[in-house]
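Structure, as structure tokens:
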Amino acid sequence: MRLLFIIFLFFSSNIFAAEMSSEKMPKHEWSFQGVTGTFDRAAIQRGYKVYREVCAGCHSMKLLYYRDLIDVGFSEAQVKVIASEYTVLDGPNDDGEMFERPARPADRFVNPYANDNEARANNNGAYPPDLSVITKARKYGVDYIYNLLLGYVEPPKGMEVGNGMYYNKWMAGNQIAMPAPIADGSVDYDDGTDNNAQQLSADVTHFLHWAAEPEMEERKNLGIKVILFFIILGTIVYLAKNRLWRDIT
Amino acid sequence: MDQNRKVHQFKNPVLNWIEFRLPIISYFKKEYGDYPMPKNCNYFWSFGALATITLVTMIVSGIFLAMNYTPHTDMAFDSVERIMRDVNYGWLMRYIHSNGAAFFFIIVYIHIVRAMYFGSYKYPRELNWILGVFIFLLMMATSFLGYTLPWGQMSYWGATVITNLFSAIPIIGEGLKTWLLGDYNVGNATLNRFFALHYVLPFVIFGVVGLHVAAVHVHGSNNPDGIDIKSKNDSVNFFPYMLIKDTIAMCAFGVAISAVIFFGPNLMAEVDNYIPADPLVTPAHIVPNWYLAPFYAILRAVPDKLGGVLLMFGAIVILFVLPWLDRSKVRSCNYRPIYKWFMMGFFVNFFVLGYVGMLPAEGLYLLIARVGLLYYFGFFFIITPFVGWIEKPNKLPLSISDVYAKNIASNIGGGEKGMPSPAMQKDTNL
């Protein structure tokens with residue numbers, strides 16, 4: 001009966017996931033999938049470049065620090081340089097005045113706007129969401145983000161797209177306030193990787209997923225050990241139990 | 001004082017010293033060492049132990065989270081993310097806590113299913129059952145309060161929807177809601193008190209669990225055949241015979257929960273809760289935690305708000321009187337050929353209710369929810385008393401040791417002894 005219960009559980013959770021959506025979300029291949037999947041450091045670095053040159057104009061990532069970039073293979077010196085390209089408001093100093101200074105690795109990613117209202121005012125009233133945990137905050141996660149970036153197609157005949165809105169296949173309601181952010185060649189890669197739109201979208205999604213779950217590799221690593229521990233302990237105890245219960249009749 | 005009272009003698013002088021002043025050593029020996037368990041108990045009887053382990057795990061991980069959490073509307077969301085990113089093993093504590101809550105409910109549901117199917121709620125364990133339902137209520141309150149704390153979209157809107165239920169009460173409703181929230185809307189005052197209550201309720205649960213365990217130890221555990229222990233040959237000592245089975249169950253449970261914590265920690269979470277709470281944006285549909293969904297389905301199945309609220313709470317309160325609705329003297333459904341199927345139907349129905357509770361309440365889903373609602377209450381008010389009256393139960397075995405010997409005989413060749421079904425065996429091999 002418990003087995004039945006468990007089957008039910010899995011069955012029903014699958015239905016929850018598959019519910020709705022007339023067209024199925026296409027699945028992309030990611031290196032971080034699966035039990036042993038890891039992040040592709042080079043892809044994250046490329047993705048960060050895409051974020052910095054394309055997304056960061058409107059989207060904040062306020063949960064991240066520049067120092068976090070060290071985890072994806074940037075050297076400390078590189079991170080210092082990256083951070084110093086931004087200015088942050090600091091203070092008050094000893095004279096009681098606020099002052100501007102270049103950002104340091106210990107600073108959070110600098111927000112493109114001073115506040116949410118400025119963000120709205122600059123974007124036709126639409127608020128560009130913070131991207132720190134975006135892949136965890138949308139159904140279908142990374143696949144959704146990837147497909148959304150590439151989902152700008154001609155609207156079907158007869159559909160009126162609102163003023164300042166764009167048609168996107170994957171957006172809820174199919175209208176999105178963000179114009180197509182990525183096209184073939186919108187960012188130049190330093191490492192010679194092909195910079196077509198698919199590659200750029202995949203890389204920036206990879207970066208966003210790392211930003212959302214920076215602990216993923218450590219988590220999976222520990223998980224394998226914990227599960228092995230329970231399996232080994234369970235086996236030993238199971239054998240001991242059989243031995244112990246043999247005498248009970 | 002009575003200097004002549006009989007004091008247990010142990011080999012260890014330290015234990016003797018303690019025992020003389022506080023007879024706690026003999027208490028533990030009696031309640032956990034020599035405590036007799038029916039020897040035909042299967043792995044369903046491990047879920048009480050699993051629930052206790054989970055409760056302690058939740059309390060410990062929760063304390064660590066509370067050390068780093070900030071109950072303020074402007075900072076709560078970021079402080080939770082800070083725990084996930086910048087606190088050493090903070091992600092582990094958070095994922096243990098959030099998934100632990102879901103697993104706690106899975107375990108407790110199985111525990112309840114076991115108590116219902118094998119008739120553990122019947123004489124002389126009625127009070128034990130009542131305490132259990134009380135724990136279940138406290139758990140629901142605690143999980144609801146805890147779900148508010150990360151202050152994501154679902155936190156905020158879930159809290160808004162649930163607290164709004166109180167406003168359905170005539171006359172005092174609005175005032176009561178404001179009193180609960182500490183404000184006219186869900187806001188900082190609400191978050192603060194929800195955190196305070198979420199911190200304290202688990203310790204209340206812990207206390208009631210203590211009573212629950214003490215109560216079951218008075219008359220001993222029920223068993224799959226629902227017959228009493230008649231001789232010493234019917235039982236085994238808790239230590240080591242049942243403890244070792246509980247340990248196996250714990251390892252299987254550990255594998256299951258670790259698979260989720262480490263490899264799919266957000267599978268059971270609502271994506272909307274990773275969007276910071278925004279009072280100006282309502283999510284497309286507001287859903288409760290899936291483990292509370294059956295009750296949410298009942299709430300929405302009723303067109304009248306007050307009626308829905310009453311039936312939803314009624315669905316839990318009805319559990320309190322189950323021991324008096326069921327007039328049959330036979331405990332285990334294994335010996336009740338008719339009631340057994342209605343009982344199975346009840347479990348399936350509960351699942352279906354949970355399923356439609358997660359979907360929008362319209363069209364076919366609403367119809368299913370209404371049928372499910374009828375069966376839920378029909379099961380308690382009509383089926384349970386009526387079937388107990390007309391049903392002719394199968395012949396009960398003479399003693400536990402008889403059944404046990406028979407089970408062993410039919411299981412020879414298999415590795416496992418005294419197991420009731422092959423399905424159970426598979427689980428332990430997880």
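A few remarks follow.
- Each Lys and Arg contributes +1 and each Asp and Glu -1, all at the Cβ; summed about the Cα centre of the range B:1-160, the dipole is approximately 720 debye.
- The ranking of B:Met312, A:Met98, B:Met344 from fewest to most other beta carbons within 10 Å of each one's beta carbon is A:Met98, B:Met344, B:Met312.
- Ranked list, fewest to most other Cβ atoms within 10 Å of each Cβ, for A:Glu97, A:Glu213, A:Glu53: A:Glu97, A:Glu53, A:Glu213
- Inter-part distance where the range B:102-160 and the range B:169-214 are each reduced to a Cα centre, Å: 15
- Between the helical axis of B:47-66 and the longest alpha-carbon principal axis of chain B there is an angle of about 40 degrees.
- The range A:88-209, relative contact order in percent, only Cα pairs under 8 angstrom and at least six apart counted: 18
- For chain A, the longest principal axis of the C-alpha atoms and the axis of helix A:2-18 are separated by about 20°.
- Taking a sphere under 13 Å around the Cβ of B:Pro323 and counting the other residues whose Cβ falls inside, with K and R at +1 and D and E at -1, yields a net charge of +3.
- Spacing of the two label points (7 Å from each Cα toward its C-beta) at B:Val56 and B:Lys230, in nm: 3.7
- Highest mean packing first, where packing is the average number of other Cβ atoms within 10 Å per residue, the peptides B:44-50, B:204-210, B:79-85 line up as B:44-50, B:79-85, B:204-210.
- Electrostatic tally near B:Arg370: other residues with Cβ closer than 15 Å to its Cβ, Lys and Arg +1, Asp and Glu -1, net -1.
- FRET efficiency, B:Ile316 to B:Arg193 (Cβ-Cβ, R0 22 Å, nearest 0.05): 0.45
- Averaged over peptide A:136-145, the number of partner chain Cβ atoms lying within 10 Å of each residue's Cβ comes to 3.
- Each Cα pair under 8 Å and six or more residues apart adds its separation to the average, and for chain B the resulting relative contact order is 22 percent.
- Cβ-Cβ FRET estimate between A:Glu217 and B:His217, R0 fixed at 45 Å, reported to 0.05: 0.45
- Burial ordering of B:Tyr117, A:Tyr189, fewest other beta-carbon atoms within 10 Å first: A:Tyr189, B:Tyr117
- For B:Asp183, the shell of other residues with beta-carbons less than 14 Å away shows a net charge of +1, using +1 for Lys and Arg and -1 for Asp and Glu.
- Prolate/oblate/rounded label for chain A (Cα gyration tensor, a/c 1.5): oblate
- Of all lysines in the structure, the ones whose alpha carbon falls short of 28 Å from that of B:Lys329, not counting any fewer than 8 places away in one chain, are B:Lys39, B:Lys122, B:Lys230, B:Lys232, B:Lys340, B:Lys392, B:Lys395, B:Lys406.
- Simple Cβ-charge dipole of the range A:14-136, Lys/Arg +1 and Asp/Glu -1, about Cα centre, in debye nearest 20: 520
- Rounded to the nearest 20, the size of the Cβ-charge dipole of the protein assembly as shown about its Cα centre is 4080 debye, with Lys and Arg at +1 and Asp and Glu at -1.
- Sequence-distant aspartates and glutamates (8 or more away, or on other chains) whose Cα lies within less than 20 Å of B:Lys305: B:Glu174, B:Glu362
- Reachable lysines, given that their alpha-carbon falls under 18 Å from the alpha-carbon of B:Lys6 and they are not under 8 places away in the same chain: B:Lys29, B:Lys30
- Note on B:92-103: average number of Cβ atoms from other chains within 10 Å of each residue's Cβ is 1.
- Rg/Rh for the protein assembly as shown, where both radii come from Cα atoms and Rh is the Kirkwood radius: 1.02
Each reported figure results from applying straightforward, stated rules to the coordinates on display, with no laboratory input. From a predicted model like this one, the values you see are computed outputs, not experimental measurements. Because the Cβ atoms are built from the backbone with ideal geometry, glycine has one as well, and the counts that use them run over all protein chains shown.
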